[in-house]
Structure formats: C-alpha cells, structure tokens
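Written below as structure tokens is the structure these notes are about.
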There are 2 protein chains.
Amino acid sequence: MNIRLHNARILTMEKDSPLFTGEVWVCGEKIAYVGAKKENVSGVQGKTASDIKWDKEIDCHGNLLMPGFKNAHTHSAMTFLRSYADDLPLQEWLNEKVFPAEAHLTEEDIYELTKLAVLEYLTSGVTGIFDMYINPDAVGRACEEMGMRCVLVSGLNNFTSSVKQTQEEYKKWNSKNGLVSYRLGFHAEYTCSHEILRELAEVANRLKAPVYAHMNETVKEVADCKERYGAEPIKFLDSLGLFEYGGGGFHCVHVTEEEIEILKKRKMYVVTNPASNLKLASGIAPISRFAREDIPVAIGTDGPASNNCLDMFREMYLVSALAKLRESDASCMDAAEVLRMATVNGAKAMGLTDADVLKEGKLADIILIDLNQPNMQPIHNIPKNLVYSGSKQNVIMTMINGQILYQEGAFFVGQSAVDIYEGANRIVKRMLLQ
Amino acid sequence: MNIRLHNARILTMEKDSPLFTGEVWVCGEKIAYVGAKKENVSGVQGKTASDIKWDKEIDCHGNLLMPGFKNAHTHSAMTFLRSYADDLPLQEWLNEKVFPAEAHLTEEDIYELTKLAVLEYLTSGVTGIFDMYINPDAVGRACEEMGMRCVLVSGLNNFTSSVKQTQEEYKKWNSKNGLVSYRLGFHAEYTCSHEILRELAEVANRLKAPVYAHMNETVKEVADCKERYGAEPIKFLDSLGLFEYGGGGFHCVHVTEEEIEILKKRKMYVVTNPASNLKLASGIAPISRFAREDIPVAIGTDGPASNNCLDMFREMYLVSALAKLRESDASCMDAAEVLRMATVNGAKAMGLTDADVLKEGKLADIILIDLNQPNMQPIHNIPKNLVYSGSKQNVIMTMINGQILYQEGAFFVGQSAVDIYEGANRIVKRMLLQ
C-alpha cells in the first residue's frame, strides 16, 4: 500500500527538529518521505507526489502526525482483571487475587485477552508494546494476527517458565523478522531462585543480549532482597553479571545511589509506570533524578490489573505531574522531555531502533492526533497540549508497519471489536465460576 | 422536547440504588420517569411509552446513563493560558504569568474564552460548573447561550471587584431562575483586605448565604496568613463569621486539626482539585481524612491554566490514586465513593439540589457513557471502570436541562466549534503581541 498523509503538522521527534507543516509518504512498511509538500519537485527516488500511484491520500486537515507511543512495560492479557483486583496492596493483590486467577488461564484465554488490550492500545496511539506474560507465544500470536508491533520479554520465574523455555522462545521469535521480536528477561528477583538467575546471566552473556525485569518496585521488595542477599535488587542482580549487555528495570521506584551508578554504568533503561505505582501505593519514582543522570527513561502502563487502563496520555501526564510533586518543584520535567520518553526512548529501550522517529527509511508506525478538539485549543505549544491535556479522544488514526489499524473510532484488525469484547467477557464469567 | 432513552444500563446515583437495565424519559427540562422498560404498563401520569409523542427515541444499546459530572471548581475563561503558563510555582505563575495576561482581557474575551471551556466540559460529561472569574456576567452569558448549567461564585478581591458588585451580581443572577445562578464568594484570604472580608461576612449573614473561596492551597499561603492574622486561613476566615451558613473551600490541601473541626461544625464542603495541586506542586489534599470525618468532598478541575485540561475522568482517577499514595494504602478511597463526589456531592456543594441524581422530577442533566470501548471491558464493575479506566472518549452524549448539547462528537450549542476555536486563537494572538 502507498499512503500519502498530507496537509499535516508534523512532529518527527528527531532531536532538535521543529514542528512543521508538510506531508508523510508511506510505501509498504516504511516511511518513504517526510517533509514539505512535494507536488512539483523531485521527491523520493526522483518521484513527485503525482508520479506515485496512491492507494490512499489522507488530508490531515492541519492535524498532527507523530511517531506512535511505545508502551514499554505491560502485561496485556491481564485485561481480565480490570476492575476485579482493585484497592489492595501489591503483595496481597499478587498472592490473593492475581496468581490464583492466573492459574485458571489457558493459552487460548491469553490469546483472546491480549486482543482486548491491543484494541485499547490502538485507541491510545500505541504502536509498540513491550510485553511480559506467562505465555509469550499466545501474546505474540495475537499481536501478529492483529498487526500490532510487539517485543516480548521473558517473564522467567520459578513456577511457570524455565531458562530452557526462554532460550527457545528467544530463538523462535527473533528468527521471524516480523512484527514480533523477543528479549531476555525474568519476572523479578523475588520470584526467581539464585540458580535460575545465574543460568540466565550465562545465556545473556553468550547471546550478548540485554536483560529486563521488574526491579525495586516496592520498599518491601528491596528490604526482602537485602535480607536475602545482603544487597538491593539492582545491585544484587548486577553482581550476577546479568547486565553486561545492558537491559532495563521496570518500575525502579526505590533505588540507592549505588544502584543509580550501576544503571548508568550498564547503560540500562528505566521504564517507569506511574499509574501502577499509585494504584498499588508503591511510591513515586525519582524520574527527574534519572533524567539528570542521563539514565534514559521510557514509559509503560504496566498491566491493566495494576493501572487499570492502557492509556499513554495518562502515563505521560503522570510522569510530569508526579515529578513536580515529588521534587516540590513545579518547573521540573517538562512536556517535550516526557514526549521523548513515550516515543523515542521507549523504542530504544525495546530495541525498536527503526520505529523511533518519522524519517525516510524508518518503519511507518505513525499516529494522527486531532487538534480540532477543545482540549487541544488554543494552539500555543503542541507538546504541552499533548502531555498536559491530551486524551485518547484525540487519536484519529493509528498506523503500524504501514497499515492503518484504527481510524476515527473503527478498528481494522481482522476481527470485530464486539467479538473480542464478547470473548473476554466469556472468559471472565467462566473464571469467576471456578 | 420529549426524549426517551431506552435499552440502557442506569446508575441513578441515589443512595444504595443498584445498577439496573431500563429507560429514562425526559419531558422538557425534567426527568419524567426512571425505571424498567414500560411499554404496556402505566407510566408517568398514567402514560405508557406508546402514549407519549416522542421527539426522539434513543436506543442506548446497553450503554450507561448516569447523572452528569459537576465540575465544582473552575475558572473557565482561563483557556487562553493553556500550555502558556506552565512549569512554574504558584506565586510566580500567578504574579508573572496569570495576572499580567489577565490585565489585557476584555469582557468579550472572557465571554469567548468561556465558550471554548464549555465545549470541553461537554466532551467530558460535565453538566454543571461552579465558576469563579473576574467577570462573572460574561461567563454567565456564554453559559446561558450555549445551554450550560453554571453556578457563578464571586471572585471578590481588592483589585477587580467589590462587595457592592458581588451583591448586584447575586441579585441579578438569582432572580432569573434559569440555567445560571450565583453564590457568594471571594478569591482568597491573600487577595482580600480584612475590611472586604468583614463586609462580605455581613452580607452573607444578612442573606443567610453560604460563602466559598480558595483556602489553604499552599504551605506559603497558610504561613503568610498565620503571620498576618495569627491563624491559618480557614480558622481566620471563620472567625470573621463568613461561614455561619456554610459554604466551601477550594483546594484545602494543608489544614490543621482545628480547621477540620471548623469544616465539620460549619457543614462546609471541600472541593478538591488534584491535578492543579500536582501541576503547581502544592501537595496532596487529605481526602480520605475528610471522608472519615464526614466532611463532604466535591471535585473540580480548577482552571485550564492550572491543570491544563477540563477532564473530570482525570480528576476522579487522581482523587483515588493520590489518596492511595498519600496514605500508603492501596485500599483507600474506592471508586463508588469518588463517583459520588463527582456527581451528587458536587451538585450539593453548588446548591444544585435538583440536578444530583436520576429520579422523576429532577432536572434532566444526564450523560450516556460508551461501555463498548476496550477501556470499559470486561464489565466486572462499572463504577471502577469509570473511575479507574474512564476517558472522555467514552462520553457519547451530554444532556443539560433536557437538551442534548453533545452527541457522538458533535456539538449542538448554537455555534460551530471551529468558530469558537478561531475566536480563542484570535484572542491569544492579540494578547501575545501586547
């Protein structure tokens, strides 16, 4: 498909690139041109707009084209727990609500429940997810079928997975060269034995691969790890050689000075999940500190059980607003920086280096944002409007890999939304009867 | 107009009323019937649905009808400062950005800028606002013309208003018996002389009227008041006899035990503004404490300059999420309670006792919420879905006083949205050139 998106404001998210008015050409999976209107001058490969046979020409009416958001930490299939496991502290929530419910999930359930999450991502302008869950194959299959870009990350733990399984999944998904890829990871220090972690470190070093996990989410987790191993999670995990090739920590709410040095030294990413940290009363991560130390921060919604929605606008807003509260400084963490976290940093954290900005040759993961809505007016400063006032309501179109999957409230994912809702409700009813 | 809304899930927000499936009949400005489907049995005044000549019959497709949200604290016309005055502490923000910009506003500007806010309220399911601003007449006029229910509250202060003007406005707007009414108030202790406050107290006692103002928003405000008068704001203001007939405090982030007793004794409302308190790094109000003390809490967005959006879904979410953080208790402040704050408590705080719940004889201020969206699925618990996952995107229809003002993305307010956007942008351009 050749798609021309014209008459648009464009935020490429390339460093120091100003907002301008122009057009974006999409040919197949990739961006063929980003720039001023090109009717009469030589365009891509010497072509002008009128030389190309367009399958679609979309007049953007001055609305905003930008790279899609990257949801850099989620557990998509947990949609079944939305508004079910609420108002509980993390450990009780995990042990008494989440784990028992998850024990009833089949692979097919995970596949169906992931689809519900994908619909929500599309409404929120999310074009890439970094997903950790019990059965990565089911998640990957749902994403492939719907057209969602997904980086799976192993949720290795003592109970539902093994290092062997992780290696097999790594090989399987990374040999496909498609919408879905795979990164090494584990659930968390507190769900993995010392032995499993050492084994994973060996694999990571052999594959020269980065490693990701939940880290330093709650005060209790940090205290327990310290009691167990005499060191806080990031420090302990690093001592096993897990981060020789980098990686990232989900949450990182409670970190020591020494651990900040480790994150820097290992060039690791922090993926912050502010809504989840509020819901479970875990605290506020020191985001402005990370930023000052040049530790790259990406943003994730976490799973729907701990959020409850999958809305990158809410997360962006919270990253900025909670930093202001934490530092008692209304001037900290401005919108442009947060927008970078939600797009470019997210892509880099997940290894999606071709889906970070709007530029010729990059993957066509693009969203169109409606500026003709009251919450986007007046137009003083578009990045601030997006981060401080933006909402799902403003997402007109979500394109992944050159395919329009969501446009003006309608989904184009090969199955009706109603079918997907019914599937999810059926699973929930069955599980609650068990 | 007679409008029949049928095939709906209904949350009346009456105390202990469960959610049920049925219909709502609207005749003129009021609700004529709320209950089960009534085709063949005697309905309102002995009538059945087929006896009434309906101007509109709307099939709600199982979506949710509920009372509209009440935005119990706002400064609507400040839309012109959205994304302009950001990332500054409150005093600097007020003195260096807001006050100088406001000095250039004409009455006509305020009228135009209010209209932009009204559009945004409608997209967020807001059917009543409690508005304080420099020129209440201009705000009232915009709301009357567009069909927005509005309670004006005097922003009396040393510079732009007087007790005489407040009394005139009180008389003018309360004699109309229309969409717009008026309550006594003043901006804040720190912008009013001792004398003005004493005068206002006399008026309040003569009129037997409640009084509202910004109170105890920041640590600095409290400290300054204590230095000036030897007491914190609520304590000092109460000592002047301002709250003999109740009233309410906007913000109330930093209050003493003694002030909590005053709020209880005077049966005052607290109107919380969590997004504004984050943006200006003012802190987190002790909402769960207020709730424990049976001090009724309502919710406001505050003005768009200090928020930046006018989105009651964001506020509801924040009320719950920030309470969990403040108390380090993931179980506190559940969704049903927050939903009550955003509807019933808001109506009561503003004196809109006929616009609080869905019930025969009440004003028809009703919203229709789309449950057929991924963020509302599965349907475990609708109040939790609304508060924890809800978004403007879910508002299908906003009805005020029996009139549909917003439906499926379109506005019916007597003027096109584009005209209103252009008006606001024109004002902003002119002001930035000054």
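How many of the residues making up the stretch B:130-154 are surrounded by fewer than 24 Cβ atoms within 10 Å (Cβ to Cβ) and in contact with an Asp or Glu (Cβ under 6 Å, 6 or more places away or on another chain)?
2
So in the stretch A:286-305, with the set limited to residues that are assigned to a helix (DSSP H, G or I) and buried (at least 24 other Cβ atoms within 10 Å of the Cβ), which one is modelled with the highest pLDDT?
Of the stretch A:286-305, the ones assigned to a helix (DSSP H, G or I) are A:287-292, A:304-305.
From what is left, the residues that are buried (at least 24 other Cβ atoms within 10 Å of the Cβ) are A:287, A:304-305.
Values: A:Ile287: 97, A:Pro304: 91, A:Ala305: 86.
Once the filter is applied, the top-ranked residue is A:Ile287.
Taking the stretch B:316-325, which residues are farther than 17 Å from A:Glu315 by Cβ and in contact with a Pro (Cβ under 7 Å, 6 or more places away or on another chain)?
Within the stretch B:316-325, just B:Val319 meets the criteria.
Go through the stretch B:282-314 and give me each residue that's more than 12 Å from chain A (Cβ to nearest Cβ), at negative phi and of a type in the set (Asp, Glu).
Within the stretch B:282-314, just B:Glu293 meets the criteria.
A:Asn158 fails exactly one of the following numbered conditions: (1) of a type outside the set (A, V, I, L, M, F, W, C); (2) out of contact with any Gly (no Cβ under 9 Å at 6 or more places or on another chain); (3) modelled with pLDDT under 95; (4) outside any helix (DSSP H, G or I). What is the number of that condition?
(3)
Report yes if some residue within the stretch A:163-179 is closer than 25 Å to A:Leu81 by Cα and in contact (Cβ under 8 Å) with a residue 60 or more places away in the chain; otherwise report no.
Scanning the stretch A:163-179 turns up no residue that is closer than 25 Å to A:Leu81 by Cα and in contact (Cβ under 8 Å) with a residue 60 or more places away in the chain.
Mind checking which residues of the stretch A:204-219 are over 30 Å from A:Ile400 (Cα atoms) and surrounded by fewer than 19 Cβ atoms within 10 Å (Cβ to Cβ)?
Of everything in the stretch A:204-219, those that are over 30 Å from A:Ile400 (Cα atoms) and surrounded by fewer than 19 Cβ atoms within 10 Å (Cβ to Cβ) turn out to be A:Asn205, A:Arg206, A:Val219.
Yes or no: the stretch B:331-345 includes at least one residue that is closer than 20 Å to B:Val118 by Cα and more than 9 Å from chain A (Cβ to nearest Cβ).
Yes, the stretch B:331-345 contains a residue that is closer than 20 Å to B:Val118 by Cα and more than 9 Å from chain A (Cβ to nearest Cβ).
Hey, could you check the stretch A:5-36 for residues that are surrounded by fewer than 15 Cβ atoms within 10 Å (Cβ to Cβ) and in contact with a Gly (Cβ under 6 Å, 6 or more places away or on another chain) and say which is nearest to A:Thr127 (Cα to Cα)?
Among those that are surrounded by fewer than 15 Cβ atoms within 10 Å (Cβ to Cβ) and in contact with a Gly (Cβ under 6 Å, 6 or more places away or on another chain), it is A:Gly28.
Which of the residues that make up the stretch A:384-424 are within 18 Å of the chain's Cα centre (by Cα) and on the phi > 0 side of the Ramachandran plot?
Within the stretch A:384-424, A:Asn401 is the sole residue that qualifies.
Pairs only if they're at least six apart or on different chains, beta carbon under 8 angstrom, first in the stretch B:193-213 and over 13 Å from B:Tyr170 (Cα atoms), second polar (S, T, N, Q); list them, first residue then second.
B:Ser193/B:Asn158; B:Ile196/B:Asn157; B:Ile196/B:Asn158; B:Ile196/B:Ser162
Right, B:Ser76: touching a helix residue (DSSP H, G or I) at 6+ places or on another chain (Cβ under 6 Å), at pLDDT 95 or above and not assigned by TED's automatic domain parsing to the domain that holds B:Ala364 or not?
Criteria met by B:Ser76.
Mind checking which helices (runs of 4 or more DSSP H) fall wholly inside the stretch A:197-284 and carry at least 1 residues that are farther than 25 Å from B:Tyr388 by Cα, in the same structural domain as A:Ala321 (by TED's automatic domain parsing) and charged (D, E, K, R)?
Working: elements: A:219-229, A:233-239, A:257-265, A:274-279.
By residue number, A:219-229, A:233-239, A:257-265.
Assuming A:Gly283 fulfils every condition listed in (1) surrounded by 24 or more Cβ atoms within 10 Å (Cβ to Cβ); (2) under 19 Å from A:Leu88 (Cβ atoms) apart from one, which condition is it?
Among (1) surrounded by 24 or more Cβ atoms within 10 Å (Cβ to Cβ); (2) under 19 Å from A:Leu88 (Cβ atoms), the lone unmet condition for A:Gly283 is (1).
Could you tell me whether any residue of the stretch B:72-83 is in contact with a Ser or Thr (Cβ under 8 Å, 6 or more places away or on another chain), of a type in the set (Lys, Arg) and within 14 Å of chain A (Cβ to nearest Cβ)?
Yes, the stretch B:72-83 has at least one match.
For the stretch A:235-281, how many residues meet the condition of being within 18 Å of A:Met312 (Cβ to Cβ) and within 14 Å of chain B (Cβ to nearest Cβ)?
7
Looking at (1) within 11 Å of chain B (Cβ to nearest Cβ); (2) more than 21 Å from A:Thr127 (Cα to Cα), which one does A:Leu318 not meet, given that it meets all the others?
(2)
Does B:Leu318 satisfy the criteria of being closer than 23 Å to B:Val26 by Cα, within 19 Å of the chain's Cα centre (by Cα) and modelled with pLDDT of 95 or more?
The answer is no for B:Leu318.
How many residues does the stretch B:128-154 hold that are small (Gly, Ala, Ser) and outside any helix (DSSP H, G or I)?
Initial filter on the stretch B:128-154 (small (Gly, Ala, Ser)): B:128, B:138, B:140, B:142, B:147, B:154.
Subset that is outside any helix (DSSP H, G or I): B:128, B:147, B:154.
The total comes to 3.
The values are calculated or read from the model by the stated rules, or taken from the named source; none is laboratory data. What you see is a predicted model; the values in this text were computed from it and never measured. Counting neighbours? That spans all protein chains shown, and the Cβs are built from the backbone with ideal geometry, glycine included.
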